[in-house]
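Any read-out appearing in this document is the output of simple, stated calculations on the displayed coordinates, not a laboratory observation. All values derive from a computational prediction rather than experimental measurement. Please note: Cβ atoms are built from the backbone with ideal geometry, for glycine as well, and neighbour counts cover all protein chains shown.
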């Protein structure tokens, strides 16, 4: 066994424990911070949103752009018990802007990545 492989196994051993070696952080913490910095750097994050009729929202981004996003195709094509309650027009209006995106529910039952909103592609098929 080479030294390289033994180091990898050593790192994996520590990755599952709560006491990470100096300079190491859990992957989920790293991803959250990485994407937060990326959004801030390129100013692609939601600053404000307002209802624009039916299941549409006008979404305003930090770079000064505005996108009208229609959520109805998302609810129709991607039914899910957790999301279906927000297909009710009254519940749909309970959105709020938190952590640089639009969310529904206290526990973020429904949220979409800011890039999906920016490119008006709720299914994540956009190309940069």
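I need 92, 34 ordered by Cβ neighbour count within 10 Å, fewest first. It would help to have the intermediate numbers written out before the result.
Values: 92 20, 34 10.
With the fewest neighbours first, 92, 34 line up as 34, 92.
Please work out the ratio of the alpha-carbon Rg of the range 40-126 to 2.2 N^0.38 Å and round it to two decimals. All intermediate terms of the calculation are to be shown ahead of the outcome.
Details: Rg = 12.1 Å, N = 87, 2.2 N^0.38 = 12.0 Å.
Output field value: 1.01.
Test of understanding: extend the Cα→C-beta vector of residue 68 to 7 Å, then name every residue of the range 96-119 with backbone N under 20 Å from that spot.
Once the point is set 7 Å along Cα→Cβ of residue 68, 102, 116-119 turn out to lie under 20 Å by backbone N, inside the range 96-119.
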